Structure formats: structure tokens, C-alpha cells
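Report on one structure; see the data block that follows.
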Amino acid sequence: MKVAVYPGSFDPITYGHMDIAERALKVFDRLIILINVHPNKHALFSAEERKDMVEVTMKNYLDRMEVIVANNLTVAETKKLGATHMVRGLRAVTDFEYEFQLTHANRVLDNEIDSVYFMTDNKYSFLSSALVKEISLFKGELHHFVQAYVKNKMIEKMK
Ligand code: ADP
């Protein structure tokens, strides 16, 4: 059974993240979404809130997918979970440099765990959680970017 971990902040999950997860589920038998808790990175939502939003928006896939929260080194957690690959998404060339660095650093840490990249649908190639947070801050319409459940959580959070 091929198992992959899809790590990220998911603060909050957008249609872009969902697109990547759906593509990965066509290749891997099982996908574990790993919500990273960065001690130095301020998140809008708590890890448990982010997990809840991923579980609700991806509810149709939960037979082959699970969501976990970790504050461990991602590559170490991937191995511990019995996965062989880490999934990441690429939007545009701007993502490449950071992802290049990350992949090579992870290979130095553990050469048995490899990273695979999926390109999102073109219509999500500009979309990021940071952008969604900014639009939400100024009360812009969010339904183009996130599911209704996430949209309502964002509206509540911004009150
Ligand atoms: P991180 O803080 O680790 O970058 P994110 O939640 O922002 O976490 O992103 C997790 C992964 O999902 C990254 O590989 C990122 O490039 C990818 N991703 C996020 N949004 C999109 C999108 N709109 N299209 C494709 N990939 C995306």
C-alpha cells in the first residue's frame, strides 16, 4: 500500500489544497494530511480548528485519508507514519525555489523519503491561505476560494 503525507499549515484549507490532495489520492492508496505546528509561525486558527476544517471539507475522502497534527520534524513524522513520500503543491515558479530547498534539505535528513509535486488546476494557481486571510480581513467574498464551512469559520474569526 502506497502511503503519502501531505504536510502544510492549512491555515485555512483552500480549494488549492483540496485540488492537490485529490490529485495525490489518485496516485497513493492513503493520504495523511499533516498539520504543522510551527512554534515561530503565527497561525490564525489553532491546529485543532485547522484539522476540523480539513476533515469537514475533505469528508468524502476520509475512508482513504486522515488528518493529524504534529510539531515534529516533517520528514521524521512521515517515516514514523509508515509513509514513503511527501506531497507538496506547486502554483508557479515562485514556489519552486522554496520547495527545491525543502526537498534537498529533507533528502539530507532522510534519503528514503522522497517528495512529489503536483501542479494545481490553473484556476487555483494564484490562491494561498495568506490571500484568503487578507480578503477576509477586508470582508471580501470568500466563496471562490474556500468551502462554505471554512468561509463561516473565517467570518466568525474576523468578528
Ligand atoms: P506551508 O506553510 O508549509 O507552505 P501551506 O498550507 O501554505 O503550508 O501549503 C502546503 C502545500 O500546499 C505547499 O506545498 C503549497 O505550495 C501547497 N499549496 C497551497 N496552496 C496551493 C494552491 N493554490 N495550489 C497548489 N498548491 C498549493
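The values are calculated or read from the model by the stated rules, or taken from the named source; none is laboratory data. The shown structure was predicted, so the numbers you read here are calculated from the model rather than taken from an experiment. Virtual Cβ from ideal backbone geometry, glycine too; neighbours counted across all protein chains shown. Ligands, DNA and RNA are excluded from the accessible area calculation, which covers all protein heavy atoms including side chains. Shrake-Rupley method; radii C 1.70, N 1.55, O 1.52, S 1.80 Å.
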Worksheet item: How big is the charge dipole of the chain about its Cα centre, in debye rounded to the nearest 20, if each Lys and Arg gets +1 on its Cβ and each Asp and Glu gets -1 on its Cβ?
Response: 220 debye
Item to complete: Could you size up the charge dipole of region 29-105 around its Cα centre, putting +1 on the beta carbon of Lys and Arg and -1 on that of Asp and Glu, and report it in debye to the nearest 20?
Response: 100 debye
Fill in: FRET efficiency, ASN72 to GLU97 (Cβ-Cβ, R0 30 Å, nearest 0.05)
0.75
Response to the item:
Taking a probe of 1.4 Å and leaving out DNA, RNA and ligands, the chain shows per residue an accessible area in Å² of 56 Å²
Worksheet item: Treating the beta-carbon of each Lys and Arg as +1 and of each Asp and Glu as -1, no other charges, what is the dipole magnitude of region 70-159 about its Cα centre, to the nearest 20 debye?
Response: 480 debye
Practice prompt. Can you spot the lysines whose alpha carbon is less than 18 Å from LYS59's alpha carbon? Ignore those fewer than 8 places along the same chain.
Written response: LYS26, LYS51, LYS151, LYS153
Item to complete: Which order do the peptides 115-127, 47-59 take when ranked by the mean count of other beta-carbon atoms within 10 Å per residue, highest first?
Response: 47-59, 115-127
